[in-house]
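Here is the structure we will look at.
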Amino acid sequence: MKRRKFTSDFKLQCVLDILSGRRNPAQVCRGHNLSESSLSRWRNQFVERAPKIFDNGSSSESAESQRISEL
């Protein structure tokens with residue numbers, strides 16, 4: 001069976017559908033023929049990375065500085 005690839009926009013829309021309450025996970029999975037584990041993984045990744053959206057960039061600069069010092 002050929003493995004399907006999903007765009008980041010598609011994943012975001014599926015996650016936002018369940019987080020906003022528009023659809024429950026089962027509805028999203030049935031509607032797009034997805035496994036619940038894939039949808040759950042996408043949701044967890046989204047929630048885990050969401051706080052980074054509000055960083056002011058200082059952490060990325062420090063990461064870059066750290067990388068430069070390692071080199």
Leading residue by the ranking (surrounded by the most Cβ atoms within 10 Å (Cβ to Cβ)) among those in the stretch 7-37 that are charged (D, E, K, R) and closer than 30 Å to ALA63 by Cα
LYS11
Does ARG67 qualify as being surrounded by 10 or more Cβ atoms within 10 Å (Cβ to Cβ), more than 15 Å from the chain's Cα centre (by Cα), assigned to a helix (DSSP H, G or I) and not hydrophobic (A, V, I, L, M, F, W, C)?
no
Condition check: surrounded by 10 or more Cβ atoms within 10 Å (Cβ to Cβ), hydroxyl-bearing (Ser, Thr, Tyr) and modelled with pLDDT of 95 or more. Does SER40 satisfy that?
yes
So GLN27 fits all but one of (1) at pLDDT below 95; (2) over 15 Å from the mean Cα position of the chain (by Cα); (3) of a type outside the set (Asp, Glu); (4) assigned to a helix (DSSP H, G or I); what number is the exception?
(1)
Residue check, LYS52 in a helix (DSSP H, G or I), basic (Lys, Arg) and touching a helix residue (DSSP H, G or I) at 6+ places or on another chain (Cβ under 6 Å)
no
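The values are calculated or read from the model by the stated rules, or taken from the named source; none is laboratory data. This is a predicted model, so every value here is computed, not measured. As a convention, Cβ positions derive from the backbone with ideal geometry for all residues, glycine included, and neighbour counts pool all protein chains shown.
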